[in-house]
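One structure is given below, encoded as structure tokens.
The values are calculated or read from the model by the stated rules, or taken from the named source; none is laboratory data. Given the structure is predicted, the values throughout are model-derived calculations rather than measurements. Neighbour counts are summed over all protein chains in view; Cβ atoms, including those assigned to glycine, are modelled from backbone coordinates with ideal geometry. Side chains included, ligands, DNA and RNA excluded: accessible areas come from the protein's heavy atoms. Shrake-Rupley method; radii C 1.70, N 1.55, O 1.52, S 1.80 Å.
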Amino acid sequence: MDLQQREVRALRRGLEAAHSSSGAVSHQPLVNGAVLGTVSLPTYDNNLFADGITTTIRDAQ
């Protein structure tokens with residue numbers, strides 16, 4: 001199982017324990033701060049923000 005999959009599982013367990021429906025996690029080593037993995041739940045389509053987002057789309061999320 002890769003890091004991204006482990007992050008998703010850990011975030012889902014944490015959200016369930018906290019009785020929450022949304023959250024995010026980022027995995028970065030202290031040595032260099034490189035982003036090794038990041039997950040947010042619920043997921044969303046990043047492409048919606050590429051050219052700006054309409055209020056209709058924003059409000060539907």
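List of remarks:
- Against the rule of thumb 2.2 N^0.38 Å, how large the Cα Rg of the chain comes out: 1.37
- Difference of contour (0.36 nm per residue) and Cα-Cα distance, residue 45 to residue 60: 4.2 nm
- Just the protein heavy atoms count here, and of the accessible area of the chain at 1.4 Å, carbon and sulfur take up 52 percent.
- Across region 42-56, computed HN-Hα scalar couplings (Karplus, 6.51 cos²θ - 1.76 cosθ + 1.60, θ = phi - 60°) run x, 6, 8, 8, 4, 5, 4, 9, 4, 10, x, 10, 7, 5, 5 Hz from first to last residue, x flagging Gly and Pro.
- Distant-in-sequence amide H partners of residue 23 (H built 1.01 Å from N, under 5 Å): 41
- Take 18-25, 5-12 and order them by the average number of nearby Cβ atoms within 10 Å per residue, most first; the result is 5-12, 18-25.
- Rel. contact order, % - alpha carbon contacts under 8 angstrom, at least six apart, region 11-61: 26 percent
- Projected label distance in nm at residue 10 and residue 31, using a 7 Å step from Cα toward the beta-carbon: 1.7 nm
- On a per residue basis, the chain carries 82 Å² of accessible surface, using protein heavy atoms and a 1.4 Å probe.
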